[in-house]
Each structure stands twice: as C-alpha cells, then as structure tokens.
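These notes concern the structure reproduced below.
Where a number appears in this text, it was derived from the coordinates with a stated rule and is not lab data. Just so it is clear, the structure is predicted and the values come from calculations on it, not from any experiment. Counting neighbours? That spans all protein chains shown, and the Cβs are built from the backbone with ideal geometry, glycine included.
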Amino acid sequence: NERLEFLGDAVLGLVTAELLFDAHPDWSEGDLTRARRSLVEGRALAQKAREIDLGAHLQLGRTEVKGHGAEKDSILEDALEAVLGAMYCDAGLPAVKDWAQRVFSEALASEAPRPERDPKTNLQERVMARYGEFPAYELVGDSGGEEDDARFTVAVRVNGESWGRATARSKRAAEKAAAEEALAHPGLIDE
C-alpha cells in the first residue's frame, strides 16, 4: 500500500495542478498552489474517503480496529492515495483525471473563489514587507496531555513584542490561531 500511496499522491498532485491551471487562467501561481494544497491535503482527502465509505473496506490490524483506525484521517488519506495509485496503474492518467474532475468540480468551476492565504503565510508576508523580519512563534505552554484540547499555548512575536497568543490541541493549530490574532494588531492595521 505504501508504494501505491506514493504513486497516488504524485499522480493526484499532477492532475489537480493541471485541472486548476486550465480552470483558472487568471490565477497566480500562489493562488493555484494554495488551491491544490487545500484539495489534496490530508483532512480534505480523508473527507473524500469518508464520502465514499472507504474506511468500511479497509483491512486493518487488531490494534487499529480497536483504535477506530478506519475513522482516522491519516489512514483514510493514505488509503485513498493508494486507491488512486492503483487506479493509475490499472487505467492510466485519464481515469485519475476524470475522478479528480468529478470530486473537485466546485473548486474547478470558473466562478470558484480564489483560495485565501492561511493566517501564518498572510502574517509572514505582511510583517516581512513592513518590518523586514519574520514573525517568531514561541511555545509558551504544553500541558502534556495527549487528548487535551488546550494542550499547546503559542505566542507570536514581532520585534520582540507579543502580537498574538493562542491555545489549541496541536502546536500548528495554536500557531495558526495566534497568527489570526496578530493580523488584527495595530502594527499592521494602519498600513
């Protein structure tokens, strides 16, 4: 399966890039990259796998069955990529492209909105343009609890000053929320 996942990931990236490129001739490279990433990232693929009930067809070990592995995003994403890799091996690129056109039809519609920058990228670009430096993210708290929804607290600093602070289950989510808060900082608003 891992070999098929590898192949499916690559093929899906290619066909999605081509479909977005053709569907949105006025979008910049950044717009296209963000759109592709949003379509083929783990949670999005896991959701597509749920829509076709792929988890019900997986053969999992006892530990994963007990841990509800058929519902885990990472397992569903990998399984869908493996299916796409097998589809490519059996039917070629046109079959994967047809699948992607159906599944991603909303994003490929000519009236689809441009994807928004994620808060961390948006903050980084704006801070770099204004201050010539990158924002710094600092882990200021970790409860250590694996299932704790408020496990990580992160602060984002610009010029040594705290511009945002947030708490979330993962460091990544806490950084994103801190960046969202920092985007409202007066140092950027008066641009």
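Modelled spin-label separation between residue 37 and residue 148, with each label point placed 7 Å from Cα along the Cα-to-Cβ direction: 2.9 nm. In a simple Cβ point-charge model (Lys, Arg +1; Asp, Glu -1; nothing else charged), the chain has a dipole of about 220 debye relative to its Cα centre.
When the charge dipole of the chain is built from unit charges on Cβ atoms (+1 for Lys and Arg, -1 for Asp and Glu) and taken about the Cα centre, the candidate among 28, 170, 100 whose Cα reaches farthest toward its positive end is 170.
Filter the cross-link list 72/176; 72/97; 66/120; 48/176 down to pairs whose alpha-carbon distance in this structure exceeds 28 Å. Distance filter (> 28 Å) returns 66/120.
Convex hull volume per residue, computed on the Cα atoms of the range 63-141, equals 203 Å³.
Rounded to the nearest 10 degrees, the angle from helix 73-91 to the longest Cα principal axis of the chain is 40 degrees.
Each part gets one Cα centre, and for the range 52-86 versus the range 133-191 those centres are 33 Å apart.
Here the simple spin-label model places points 7 Å from the Cα toward Cβ, and for residue 26 and residue 74 these points are separated by 4.2 nm.
Rounded, prolate or oblate for the range 1-142? Axes are the square roots of the Cα gyration tensor eigenvalues, ordered a ≥ b ≥ c, and the cut-off for rounded is a/c under 1.5. Cα axes put the range 1-142 in the oblate bin. The listed peptides 80-88, 163-171, ordered by packing as a protection proxy, come out as 80-88, 163-171 (highest mean of other Cβ atoms within 10 Å first). Between residue 18 and residue 122, the FRET efficiency estimated from the beta carbon spacing at R0 = 25 angstrom works out to 0.40.
For residue 105 and residue 64, a Förster radius of 30 Å and the Cβ-Cβ distance give a FRET efficiency of 0.40, rounded to the nearest 0.05.
The C-alpha atoms of the chain define a longest principal axis, and helix 42-51 lies at about 40 degrees to it.
If you take the square roots of the eigenvalues of the alpha-carbon gyration tensor of the range 104-191 and sort them as a ≥ b ≥ c, do you get rounded (a/c under 1.5), prolate (a/b over b/c) or oblate? Oblate, since a/c reaches 1.5 and b/c is not below a/b.
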